[in-house]
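Colleague: Quick one: this structure, given as structure tokens, is what I'll be asking you about.
The values are calculated or read from the model by the stated rules, or taken from the named source; none is laboratory data. Nothing here was measured: the structure is a model prediction, and the numbers come from that model. We place every Cβ from the backbone using ideal geometry, glycine too, and count neighbours over all the protein chains shown. Protein only, heavy atoms only, side chains kept; ligands, DNA and RNA dropped before computing areas. Shrake-Rupley method; radii C 1.70, N 1.55, O 1.52, S 1.80 Å.
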Amino acid sequence: MKYFNPAEFACKHCGENKMDAAFLAELDELRARCGFPLSVTSGYRCPTHNQAVSTTGPDGPHTTGSAVDFGVRGVQALEVIRHAMLMGFTGIGVQQKGVTRFIHIDNLPNAPGQPRPTIWSY
């Protein structure tokens, strides 16, 4: 990876890092297209950690190694969304209110009740 350190994606609970290599390559390309640093606020999450911090339980998107949250706001958030859509990422989550602002990006397949591609807000 050119723009990221693998340690940025490690689980904050156990330190494991099961990020998908192809997904990381796509994130590097996203970073290059954006032209500004992307701060990883959440990468891989072990099932225990995901259960503790997310409503998606022990098998949410971050447990797959193909999901990330970037701490961005304002114009930069819009640029991340724009480039992620152009690149064909299948999931984009937008949290742009309050203190904790981020953009979630993932590349997950269709699942029951979760057609892809999709965009949502928190």
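Colleague: List every residue pair whose Cβ atoms sit under 7 Å apart, with the two residues 6 or more apart in sequence or on different chains, where the first one lies in the stretch 49-60 and is over 12 Å from CYS11 (Cα atoms) and the second, anywhere, is outside any helix (DSSP H, G or I) and hydroxyl-bearing (Ser, Thr, Tyr).
Modeller: Filtered contacts from the stretch 49-60: GLY60/SER54.
Colleague: Find the residue count for the stretch 54-76, including only residues that are in a helix (DSSP H, G or I), among the small types (Gly, Ala, Ser) and either modelled with pLDDT of 95 or more or open to solvent by 20 Å² or more (accessible area, probe 1.4 Å) (or both). Break it down into steps so the answer makes sense when it comes.
Modeller: First pass over the stretch 54-76, keeping only residues in a helix (DSSP H, G or I): 57-59, 61-64, 74-76.
Next, from what is left, pick out any that are among the small types (Gly, Ala, Ser): 57, 74.
Now drop any that are not either modelled with pLDDT of 95 or more or open to solvent by 20 Å² or more (accessible area, probe 1.4 Å) (or both), which leaves 74.
Going through the stretch 54-76 one residue at a time, the tally reaches 1.
Colleague: What pairs come out if I take residues in the stretch 1-13 that are farther than 14 Å from GLU29 by Cα and pair them with residues that are open to solvent by 70 Å² or more (accessible area, probe 1.4 Å) whose C-beta lies under 8 Å away, six or more apart or interchain?
Modeller: ALA10/GLU16; HIS13/THR48; HIS13/ALA52
Colleague: Out of the residues in the stretch 9-53 that are part of a helix (DSSP H, G or I) and polar (S, T, N, Q), state the one that is least open to solvent (accessible area, probe 1.4 Å).
Modeller: Here the answer is ASN50.
Colleague: Taking the stretch 77-95 as the search range and keeping residues that are assigned to a loop (DSSP other than H, G, I, E, B) and not hydroxyl-bearing (Ser, Thr, Tyr), which one is nearest to PHE4 (Cα to Cα)?
Modeller: Looking only at the stretch 77-95, we keep the residues that are assigned to a loop (DSSP other than H, G, I, E, B), and these are 88-90.
Restricting the remaining residues to those that are not hydroxyl-bearing (Ser, Thr, Tyr) gives 88-89.
Values: GLY88: 20, PHE89: 18 Å.
Top of the filtered list is PHE89.
Colleague: Sticking with this structure for a sec: Collect the residues in the stretch 77-89 that are of a type outside the set (A, V, I, L, M, F, W, C), open to solvent by 30 Å² or more (accessible area, probe 1.4 Å) and in contact (Cβ under 8 Å) with a residue 24 or more places away in the chain, keeping them in residue-number order. Steps first, answer last, please.
Modeller: So in the stretch 77-89, the residues of a type outside the set (A, V, I, L, M, F, W, C) come out as 79, 82-83, 88.
Checking the rest, the ones that are also open to solvent by 30 Å² or more (accessible area, probe 1.4 Å) come to 79, 82, 88.
Passing the criteria: GLU79, GLY88.
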